[in-house]
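Here the structure is laid out as structure tokens; the discussion comes afterwards.
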Amino acid sequence: MQFQQLQYFVAVAETRHFTRAADLVHVAQPSLSQQIKALERELGADLFLRARGNITLTDAGEALLPLARRILADADTARHEVLELVQLRSGRVRLGATPSLCTGLLPDVLRAFHDRYPGIRLLIEEGGSHDLVRELARGALDLALVVLPLPTPSPALTTVELLREDLVVVSSPEAPAPGRGRTVRISDLEGERLVMFRHGYDLRELTVAACRAEGFEPDFAVEGGEMDAVLGFVRAGLGVAVVPRMVATKSGRGLRVTPLARPGLHRTIALAHRSDVAPPRAARELQRMLVER
């Protein structure tokens, strides 16, 4: 009994027509008929009652059909499992993340992932949450690390919260310390020159909104930078900036790091993927490592 013969048998059983079954499995009708006859000879029983324009299953055919379907389904499952194993030896993961997360959260996780799966290419795209959500929706990314709440709620995305991160104020040690002690209040930033991120950056929107909630407009010394540029400008003494604690900890050399007074500022980081398409196996493995980090 050959696997191909079972495919042909199920196709005839489902279409009740030899020619349509042959079209379904992309084989010439005479070849399909010959394989069905060979299967019947091997089993020692007719599988179909053949009458002009009327193909029906015999008792033997009825008994074989569920078994054949199960065998074909098991073969598909086996093929899928092997493919997923292969995907962990080669292939790619397309991950989007905000620049601050590329600096703070990702390096250690990506190093662990690369050590375990050295054959997987990691393609990283930096951007704000709004841009990353758009790239996810059009299928250009497998996963994205975004800041909640999403700028535009999307029912087509599934999000899993990873962490809630404190924000801190960084300044040059050579400049006067912001605030009046070991912490900085948002109101203390009035009158401070801020080094501000570009438009579309989640941290920009969060900081500006917090200042306005205290009744003042922030004063920008420099604006428009990415994370590395902002930290460099702060080190140079151009102003202060509000950044994630994780970034300040990893990149704090040459910077004074001052916590924000309670209740402070926080942001929630989540991992997002499309709801209608399962991420590839390699992407799911990276997702697991990020959740369990």
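Answer yes if at least one residue in region 216-229 is aliphatic (A, V, I, L, M) and farther than 19 Å from Asp188 by Cα, and no otherwise. Steps first, answer last, please.
From region 216-229, those aliphatic (A, V, I, L, M) are 221-222, 227, 229; that's our starting set.
Subset that is farther than 19 Å from Asp188 by Cα: 227, 229.
Yes; the residues of region 216-229 include at least one that is aliphatic (A, V, I, L, M) and farther than 19 Å from Asp188 by Cα.
Residues checked against (1) under 26 Å from Ser129 (Cα atoms); (2) of a type in the set (Asp, Glu); (3) free of Cβ contacts under 8 Å to residues at least 40 places away in the same chain; (4) open to solvent by less than 70 Å² (accessible area, probe 1.4 Å):
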| residue | (1), (2), (3), (4) |
| --- | --- |
| Leu162 | yes, no, no, yes |
| Pro173 | no, no, no, no |
| Ala177 | no, no, no, yes |
| Arg182 | no, no, no, no |
| Arg198 | yes, no, yes, yes |
| Gly225 | yes, no, yes, yes |
| Leu231 | yes, no, no, yes |
| Arg235 | no, no, no, no |
| Leu255 | no, no, no, yes |
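Among residues that are assigned to a helix (DSSP H, G or I), over 30 Å from His266 (Cα atoms) and more than 37 Å from the chain's Cα centre (by Cα), Leu64 is included. So how many residues does region 239-253 have that are open to solvent by 30 Å² or more (accessible area, probe 1.4 Å) and among the hydrophobic types (A, V, I, L, M, F, W, C)? Here the count works out to 1. Looking only at region 268-293, residues that are open to solvent by less than 10 Å² (accessible area, probe 1.4 Å) and under 30 Å from Leu194 (Cα atoms) come to 3 in all.
Only a single criterion out of (1) of a type outside the set (S, T, N, Q); (2) open to solvent by 40 Å² or more (accessible area, probe 1.4 Å); (3) at pLDDT below 85; (4) in a helix (DSSP H, G or I) is not satisfied by His114, namely (3). One residue stands out among those in region 1-49 that are over 44 Å from the mean Cα position of the chain (by Cα), surrounded by fewer than 17 Cβ atoms within 10 Å (Cβ to Cβ) and small (Gly, Ala, Ser): the one that is farthest from Ile71 (Cα to Cα), which is Ser31. Residues that are of a type in the set (Ser, Thr, Tyr) and either surrounded by 18 or more Cβ atoms within 10 Å (Cβ to Cβ) or under 22 Å from Lys250 (Cα atoms) (or both) do not occur anywhere in region 144-158. Residues in region 86-100 include at least one that is without any contact (Cβ under 8 Å) to a residue 24 or more places away in the chain, surrounded by fewer than 16 Cβ atoms within 10 Å (Cβ to Cβ) and outside any loop (DSSP other than H, G, I, E, B).
Selection of first residues in region 124-142 that are under 22 Å from His114 (Cβ atoms) and among the aliphatic types (A, V, I, L, M) and of second residues that are crowded, with 17+ Cβ neighbours inside 10 Å and modelled with pLDDT of 90 or more, restricted to Cβ pairs under 6 Å at least 6 apart or on distinct chains, gives the following pairs, ordered by first then second residue: Ile124/Leu95; Leu132/Gly96; Leu132/Ala144; Leu132/Val146; Leu141/Arg94; Leu141/Gly96.
The values are calculated or read from the model by the stated rules, or taken from the named source; none is laboratory data. Just so it is clear, the structure is predicted and the values come from calculations on it, not from any experiment. With ideal geometry, Cβ positions are generated from the backbone for all residues, glycine too; neighbour counts draw on all protein chains shown. SASA here: full protein model, heavy atoms, side chains in, ligands and nucleic acids out. Shrake-Rupley method; radii C 1.70, N 1.55, O 1.52, S 1.80 Å.
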